[in-house]
Amino acid sequence: MQRSYSRLLGVVGKPNTGKSTFFSAATLVAAEIANYPFTTIKPNRGVGYVRSPCVHDEFKVKDNPRNSLCLDGTRLVPVELIDIAGIVPGAWEGRGLGNQFLDEIRRADALIHVVDASGGTDCEGKTCKPGEHDPLEDVKFLEREITMWMVTILKKDWSKISRTAEADKKGIASHLEERLTGLGIKRQYVGEAIRAANLNVDKPVTWTDEDFYRFVDTLRRISKPMLIVANKIDLPTAKANVERMKKLDYTVIPCSAEAELGLRRAAEKQLIDYKPGDGNFKITQPEKLSAGQIKGLEAIKEKILSTNGSTGVQEALNTAYFKLLDMITVYPVEDLEHLSDHNGRVLPDTYLVPKGTTAHQFAYIIHTELGENFIYAIDARDKRRIGEDAILKDRDVISIVSAKKRA
């Protein structure tokens, strides 16, 4: 299947919170899962999916997906995830697997922070009695670790950078962008962070240490947006903690990664009819299941799906891409009459692109040559011609006319 993803999602958290279970449930990659810290030594990579209503019903056609899947009217668009080594306090100073964690996190465009909502793991990731640890502390410590890591990177040359920025009039955002290139941080994020932190963009040499920390902390939030997965929601001590976490300035999603992994594996073996993100499932081959397995499945249905609407894993992926990264789906076609490509495949591809993408930018996303020879695009719904600056909408179906194609 041809890839359609261009954004990387990092799954992060301290050891032993169910982080690797979440990753395995989302991707069905066999990550090592165990009840002790630092199970994940090397980062695991895998492909999950985001759900979006397919347009084929609206157009009354039978589609032939190529770079995605279509199940019962739902497009499953592939996205890439990385399961990053567990982090402990002091990681920014190199403690634990801190250096490896921070080296991997620079690649991620957004973060899913898996937290043990039951409070059953201490700050080091060691097992403790559920309720003994406050999971809100885990959110605060991860924020600080990432911020301090970024502070360390920028602080080394800050005096020189700030003085040079004032002298050459290029602006502090331009100089910081050069310093932060390896972290995947764009100039627009730097400028936005300076404004949000209410700092003097023209006089960076006047920034105090407190100003500098506030700027970097704001930059972290903007450049590495994060949501909280409140895992182990089935444990009694989790419910109250989830309500407390929802008061934080994050989207918080109740989750049972273990339940999702069980459902996904059962569906893979065709023992149940279940689509990731559904609020229910149907046992299709009860004769192949033991009484204990059936009881376990019914417990998932009763204690998790009926209570929360889903296991939370698929909701986390959808929220990360459609809310944190603010992306939309767009379908390119060549033949407007049949909504097909040059091989006759109907609605073959679905692309995830940032909201605000123009028709011309989308042409470049599909292929450089198509972008270079772009003339205009046509909206498949009303056959309206749209220009290069037209901003695409979610679930648009468009055909791009290029100079080469017309010739």
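Tabulated data
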item: Net +/- balance of residues flanking Asp217 in space, Cβ distance below 9 Å, scoring K and R +1, D and E -1; result: +3
item: Order of Phe23, Phe141, Phe374 under a 10 Å beta carbon neighbour criterion, fewest first; result: Phe141, Phe374, Phe23
item: Global geometry of the range 150-217, whether rounded, prolate or oblate, following the gyration tensor of its Cα atoms and the 1.5 cut on a/c; result: rounded
item: Highest-MSF residue in the chain out of Arg221, Arg163, Arg107 [GNM, Cα springs under 10 Å]; result: Arg163
item: Within a Gaussian network of the chain (alpha carbon springs, distance under 10 Å), most fluctuating of Tyr250, Tyr49, Tyr351; result: Tyr250
item: Candidate aspartates and glutamates for bridging to Lys355, where Cα separation is under 16 Å - those fewer than 8 sequence places away on the same chain excluded; result: Asp109, Asp326, Glu388, Asp389, Asp394, Asp396
item: Electrostatic dipole magnitude of the chain [Cβ: Lys, Arg +1; Asp, Glu -1; Cα centre; debye, to 20]; result: 200
item: Trypsin sites (Lys or Arg not before Pro) restricted to DSSP loop in the range 323-372 with at most 14 other C-beta within 10 Å; result: Lys355
item: Positive-end residue, the chain charge dipole about Cα centroid, Cβ charges, pick of Leu297, Leu352, His367; result: His367
item: Cut-off 20 Å (backbone N to label point 7 Å along Cα→Cβ of Glu372), residues of the range 340-365; result: 359-365
item: Exposure proxy ranking, count of Cβ atoms within 10 Å, fewest first, for Ile82, Ile391; result: Ile391, Ile82
item: Cα-centred dipole magnitude for the range 114-229, charges only on beta-carbon of K, R (+1) and D, E (-1), debye, nearest 20; result: 600
item: Longest site-free stretch - the chain; sites: GluC sites (Glu not before Pro), DSSP loop, at most 16 other Cβ within 10 Å; result: 133-336
item: Set of aspartates and glutamates near Lys282 by C-alpha distance (under 18 Å), chain-local residues within fewer than 8 positions excluded; result: Asp72, Glu260, Glu268, Asp273, Glu298, Glu302
item: Positive dipole terminus of the range 150-217, leading residue within Asn200, Tyr189, Tyr213 (C-beta point charges); result: Tyr189
item: Packing-based exposure ordering (other Cβ within 10 Å, fewest first) of Val47, Val151; result: Val47, Val151
item: GNM top mover of Thr251, Thr357, Thr206 - the chain, alpha-carbon springs below 10 Å; result: Thr206
item: DSSP-defined antiparallel bridges as percent of all bridges, the chain, nearest 5; result: 60
item: Residue-averaged [θ]222 nm for the chain, counting only DSSP H segments that reach four residues, each worth -39500 (n - 2.57); result: -10000 deg cm²/dmol
item: Long pairs among Lys275/Lys301; Lys155/Lys203; Lys301/Lys323; Lys14/Lys140, criterion Cα-Cα beyond 22 Å; result: Lys301/Lys323
item: Pair-distance profile P(r), taking every C-alpha pair of the range 328-406, with 10 angstrom steps and integer %; result: 21, 59, 20
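Every read-out reported here was derived from the displayed coordinates using simple, explicitly stated rules and does not represent laboratory data. Fair warning: this is a prediction, and the values are worked out from it, not measured in the lab. When we count neighbours, we look across all protein chains shown, and the Cβ atoms used for this are built from the backbone with ideal geometry, even at glycine.
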